[in-house]
Amino acid sequence: MNDSSKRLRVLLNCSIFAAITAILAQVEIPLPLIPISGQTLAVGLAATILGSRQGALSMVCYMLLGAIGLPVFAGFSGGLQVIVGPSGGYIIGFIATAFVTGLILEKTKFTIPMALLANIVGMFVTLFFGTVHLKFVLDLTWGAAMAAGVYPFLVVGFIKAFLASWIGIVVRQRLVQANLIQVKGDSA
C-alpha cells in the first residue's frame, strides 16, 4: 500500500470515529450540570480500535466539527461556547484520553483485560480534565467540582470502560483480519 493510500485510510478511520462520537453523544441522561452521554464510550472505542495517534486525531476532528458550530456535542449542541462552557473540559480531555488509552494498549497488548485497564485510566483522564475545567468555569470549590464532575460518572464510567474494551478489542481483531487497520510493524 502506498503512502497516499495509508493517509487516506487514516483520515477515513478518524472521520468514522468522529462521526460515531457525534452519534453516541446524542445518547444522554440529563443531569443538572453535565449530562451522562455516550461520548466517552466512543472515545474508548476509538482508542481501543485505532490506537493512540489515530484515536486522538479522531477526537481532534470531533472537537473541531463541534467548534465550528456543527451540532455534534451532547444535546445536538455545537460552537465554541460549548467548549468554553461547563462541559468543555471533558471534550478537550477526550483528545488526551484517546491518546493515553491507545498508548497503554500499544505499550502492552491489545487484549480485553489490558483494554479495560487502559479505558479505566482513560476515564480518569477525562474526569480530570472535565473537573478542573468545571471548577474554574463555574468558580466552584474542589469539593463541589468533584461532586458535580466526578462522582455522578463513576459507575456508568466503569460500565462504558468495560463495553469499550470488549467491543473495541473484538472489532479491532476483525478489522486487522480484514486488513482495514494495520498493526504496528505491518508493511502491507
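Laboratory data are not the source of any read-out in this text; all were calculated from the coordinates shown. Predicted model only: the values in this text are computed from it and were never measured. So basically every Cβ, Gly included, is an ideal-geometry build from the backbone, and we count neighbours across all protein chains shown.
Give the residue list of trypsin sites (Lys or Arg not before Pro) in the range 122-188 that are DSSP loop and have at most 11 other beta-carbon atoms within 10 angstrom.
Those satisfying the criteria are Lys184.
Return one number: the angle in degrees, 0 to 90 and rounded to the nearest 10, between the long axis of the Cα atoms of helix 112-137 and the longest principal axis of the Cα atoms of the chain.
With both axes taken from Cα atoms, the answer is about 40 degrees.
Could you grab the relative contact order for the chain? Cα pairs under 8 Å, six or more apart, rounded to a whole percent.
23 percent
List, in order, the whole-Hz ³J(HN,Hα) value for each residue of the range 169-184 obtained from phi through the Karplus relation with A = 6.51, B = -1.76, C = 1.60 and θ = phi - 60°; use x for Gly and Pro.
With the stated coefficients, the range 169-184 comes to 5, 4, 5, 4, 4, 5, 5, 5, 4, 7, 6, 9, 9, 10, 8, 4 Hz.
Between the range 125-164 and the range 23-93, what is the C-alpha centre distance in whole Å?
That distance is 14 Å.
Using only Cα atoms, find the angle between the long axis of helix 52-67 and the longest principal axis of the chain, and express it within 0 to 90 degrees, rounded to the nearest 10.
Once rounded, one gets 50 degrees.
Short version: ³J(HN,Hα) in whole Hz for each residue of the range 70-76, in order, from phi by Karplus 6.51 cos²θ - 1.76 cosθ + 1.60 (θ = phi - 60°), x for Gly and Pro, what are they?
Along the range 70-76, the couplings run 5, x, 9, 7, 3, x, 6 Hz.
Please work out whether the chain counts as rounded, prolate or oblate from its C-alpha gyration tensor, where a ≥ b ≥ c are the square roots of the eigenvalues and a/c under 1.5 means rounded, while otherwise a/b larger than b/c means prolate and anything else oblate?
The shape class here is prolate.
Give the lysines whose C-alpha is closer than 19 Å to that of Lys6, dropping any in the same chain fewer than 8 places away, or say none.
Lys6 reaches Lys184.
How much length, in nm to one decimal, is gained on full extension between Arg9 and Arg53, taken as 0.36 nm per residue of separation minus their Cα-Cα distance?
Gain on extension, Arg9 to Arg53, equals 14.5 nm.
If each DSSP helix of 4+ residues adds -39,500 (n - 2.57) and the sum is divided by the residues in the chain, what number results at 222 nm, nearest 500 deg cm²/dmol? Numbers along the way, then the final one.
On the way: 8 runs with 133 residues, N = 188.
The helix-only estimate for the chain comes to -23500 deg cm²/dmol at 222 nm.
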